[in-house]
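Here the structure is laid out as structure tokens; the discussion comes afterwards.
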Amino acid sequence: MAQLLTGQFIAGGDGIQLSSDGRFIEAPSGDRLPVKNPVTQAVMGTLHIYSPADIDAAVDRARLAVSAWSDRPLSERAALLHRWADRIHADAQPLADVLMDEIAKNAQDALDEVHRSADYIHYTAEEALRLHGEALLSDAFPGQRRNKISLTSRVPVGVVLAIPPFNYPINLAVTKIAPALMMGNTVIVKPPTQGAFSGLNIIALAYDSGIPTDALIPVIGPGSTTGDVLVRHQFINLVSFTGSSETGAHIAQQVKMVPLQLELGGKDAALVLPDADINRAADHIVSGAFAYSGQRCTAVKRVLALASVADLLNPALVERVERLTVGTPSENAIITPLISMASADYVWDLVDEAVQQGAKPLTPLQRDGSLIYPIILDHVELSMRIAWEEPFGPVLPIIRVSSVPDAIEVANRSEYGLQAALFTKDIAQAIQIAEKLDVGTVQINGKTSRGPDHFPFVGTKASGMGAQGVRHSLLAMSRVKSVVLNL
Ligand code: NAP
Ligand code: G3H
């Protein structure tokens with residue numbers, strides 16, 4: 001088999017795979033997974049789809065590697081991760097170039113994703129060094145003598161399966177891989193189809209940095225088939241998935257007696273109260289709703305405001321939306337083509353249906369293939385699908401509510417519970433409302449967003465299970481072990 005690589009990066013070729021010794025090679029036979037450039041719709045290249053036998057072999061390698069990897073001193077594992085992060089920083093531009101081609105993320109956001117991921121690895125490597133166990137004395141419990149000591153520490157769960165989505169194929173891979181490796185697990189990564197080259201590139205850099213090829217193994221294939229086989233595999237000990245709520249629910253039904261970490265969809269509401277600073281709210285709502293064309297779990301996906309507030313807010317929103325650049329990733333446009341034509345069709349149908357049912361567009365309804373120009377829809381009614389469904393596109397519905405309690409009620413009626421944003425000058429009131437919102441995070445006077453990545457990140461209801469954020473992820477990727485000394 002020929003080594004295809006000239007540099008360390010790959011974004012094309014036919015039947016590419018990362019061999020067990022860490023080289024990009026072309027598989028001589030087998031099924032191919034095409035990866036399309038979302039802007040040109042041209043096939044960038046194809047990847048080798050893992051057969052059931054390939055999947056078993058990969059998981060087996062990972063399983064057999066757990067003890068050697070977890071036996072490495074923690075400081076040594078941290079040093080390897082720091083090297084990996086340094087390589088990612090150093091190679092940020094070529095990594096970002098592949099991201100731009102693969103998922104149509106603009107130049108600046110692609111570069112930010114890469115650097116943010118490297119920073120995450122550094123932080124995680126350090127944080128893992130600071131996790132401490134504890135010693136418990138038996139006589140703290142009623143009726144007990146001081147004749148036992150429990151020494152508790154955290155140990156690996158075994159093989160972690162990491163499944164990231166297309167919209168952050170590097171960052172949401174790294175936020176699973178780094179804590180898993182630091183806690184002594186080995187990792188199988190199933191990259192998203194759109195984003196698979198980016199996934200392979202960061203894994204290749206991990207190998208270059210000295211992370212063993214058996215500790216971090218990619219498995220390539222479509223989620224609906226390869227992903228399904230993986231989540232049910234008997235030697236997978238934890239599944240960490242980020243993606244749609246629909247796929248998350250499906251995975252939850254497949255996985256039996258295995259811990260699950262789920263980061264799923266969102267319908268984040270921005271509640272703008274009558275005393276809000278309208279300009280600040282408009283700045284945050286527009287950047288929160290339209291960055292990466294709205295393809296973020298944490299995008300602002302609805303505004304809830306009294307009619308009097310909406311009348312003031314709308315012109316400020318429209319003015320800002322009119323300034324958003326529309327174009328290609330290399331032009332660094334904010335609005336770029338959506339990930340697929342199917343996704344654009346879905347978004348367009350939601351808008352079209354809402355307009356037919358009486359929603360009022362405040363911006364021109366314009367579409368060019370998978371490129372949808374930014375849309376603000378006022379007078380969205382609760383009977384419309386767009387009031388509840390997650391479009392994953394550049395659309396901002398405005399729902400006029402009758403009171404602040406009504407806004408809270410409508411916010412909470414959603415099946416999702418990722419984040420909410422609350423704009424008001426009355427911080428005491430904001431804290432009280434925040435307590436009533438059934439979401440993982442409430443942003444007061446700021447847009448909904450995940451970062452900084454050491455903050456806890458949690459979804460309630462259909463938005464997820466379990467907490468992320470560096471420290472929470474380290475804990476999630478390990479289990480408590482107690483050794484009792486009987487004196
Ligand atoms: P998706 O279609 O659910 O896919 C996510 C990942 O799961 C991809 O790697 C996909 O592989 C794989 N997959 C699909 N079906 C599978 C199955 N049956 N078993 C195992 N894996 C399977 O989601 P997406 O379109 O990539 O991402 C958009 C969604 O993710 C949105 O709903 C967004 O809100 C959510 N999201 C949530 C967060 C969060 O932190 N809460 C962050 C980012 C995105 P293929 O690509 O090969 O199909
Ligand atoms: O799409 C989901 C990401 O985790 C959101 O991250 O808020 O930094 O865009 P972000």
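Computed values, structure above
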item: Of all residues in region 239-265 being over 17 Å from the mean Cα position of the chain (by Cα) and more than 6 Å from ligand 1 (Cβ to nearest atom), the one that is least open to solvent (accessible area, probe 1.4 Å); result: Val255
item: Residues located in region 57-70, provided they are open to solvent by 20 Å² or more (accessible area, probe 1.4 Å) and touching a residue at least 60 places away in the same chain (Cβ under 8 Å); result: Asp60, Arg61, Arg63, Leu64, Val66, Ala68, Ser70
item: Residue check, Gly294 open to solvent by less than 30 Å² (accessible area, probe 1.4 Å) and either away from ligand 1 (no atom under 16 Å from the Cβ) or of a type in the set (Lys, Arg) (or both); result: no
item: Odd one out for His132, checked against (1) modelled with pLDDT of 95 or more; (2) away from ligand 1 (no atom under 11 Å from the Cβ); (3) not hydrophobic (A, V, I, L, M, F, W, C); result: (1)
item: Identity of the residue in region 216-238, open to solvent by 10 Å² or more (accessible area, probe 1.4 Å) and either among the charged types (D, E, K, R) or out of contact with any helix residue (DSSP H, G or I) (no Cβ under 6 Å at 6 or more places or on another chain) (or both), that ends up farthest from Gly30 (Cα to Cα); result: Asn237
item: Test: residue in region 160-171 that is in the same structural domain as Leu137 (by TED's automatic domain parsing) and more than 16 Å from ligand 2 (Cβ to nearest atom); result: yes
item: Single unsatisfied condition, Ala180 versus (1) within 24 Å of Asp228 (Cβ to Cβ); (2) within 16 Å of ligand 1 (Cβ to nearest atom); result: (2)
item: Single residue of region 135-189 satisfying the filter (open to solvent by 10 Å² or more (accessible area, probe 1.4 Å) and charged (D, E, K, R)) that is farthest from Glu102 (Cα to Cα); result: Arg145
item: Flag if Asp31 is acidic (Asp, Glu), surrounded by 15 or more Cβ atoms within 10 Å (Cβ to Cβ) and at pLDDT 95 or above; result: yes
item: Top-ranked residue in region 466-487 [being outside any helix (DSSP H, G or I) and of a type in the set (D, E, K, R); ranked as farthest from ligand 2 (Cβ to nearest atom)]; result: Lys481
item: Any hit, region 202-221, residues being part of a strand (DSSP E or B) and within 8 Å of ligand 1 (Cβ to nearest atom); result: no
item: Single condition Ala58 does not satisfy, out of (1) assigned to a loop (DSSP other than H, G, I, E, B); (2) in contact with a strand residue (DSSP E or B) (Cβ under 7 Å, 6 or more places away or on another chain); result: (1)
item: Among residues of region 435-465, those that are assigned to a loop (DSSP other than H, G, I, E, B), of a type outside the set (A, V, I, L, M) and crowded, with 17+ Cβ neighbours inside 10 Å, counted; result: 8
item: Single unsatisfied condition, Ser198 versus (1) more than 18 Å from the chain's Cα centre (by Cα); (2) hydroxyl-bearing (Ser, Thr, Tyr); (3) part of a helix (DSSP H, G or I); result: (1)
item: Residue match in region 16-24 (condition: free of Cβ contacts under 8 Å to residues at least 24 places away in the same chain and either assigned by TED's automatic domain parsing to the domain that holds Tyr207 or assigned to a helix (DSSP H, G or I) (or both)); result: yes
item: Identity of the residue in region 105-129, away from ligand 1 (no atom under 16 Å from the Cβ) and among the charged types (D, E, K, R), that ends up least open to solvent (accessible area, probe 1.4 Å); result: Glu127
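A quick yes/no check of all residues on (1) closer than 16 Å to Gly294 by Cβ; (2) open to solvent by 10 Å² or more (accessible area, probe 1.4 Å); (3) within 28 Å of the chain's Cα centre (by Cα):
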| residue | (1), (2), (3) |
| --- | --- |
| Ile334 | yes, yes, yes |
| Ile339 | yes, yes, yes |
| Val351 | yes, no, yes |
| Ala354 | yes, no, no |
| Asp378 | no, no, no |
| Pro394 | yes, no, yes |
| Ile398 | yes, no, yes |
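The values are calculated or read from the model by the stated rules, or taken from the named source; none is laboratory data. Since the structure is predicted, the reported quantities are computational estimates derived from the model, not experimental observations. When we count neighbours, we look across all protein chains shown, and the Cβ atoms used for this are built from the backbone with ideal geometry, even at glycine. For accessibility, only protein heavy atoms count, side chains too; no ligands or nucleic acids. Shrake-Rupley method; radii C 1.70, N 1.55, O 1.52, S 1.80 Å.
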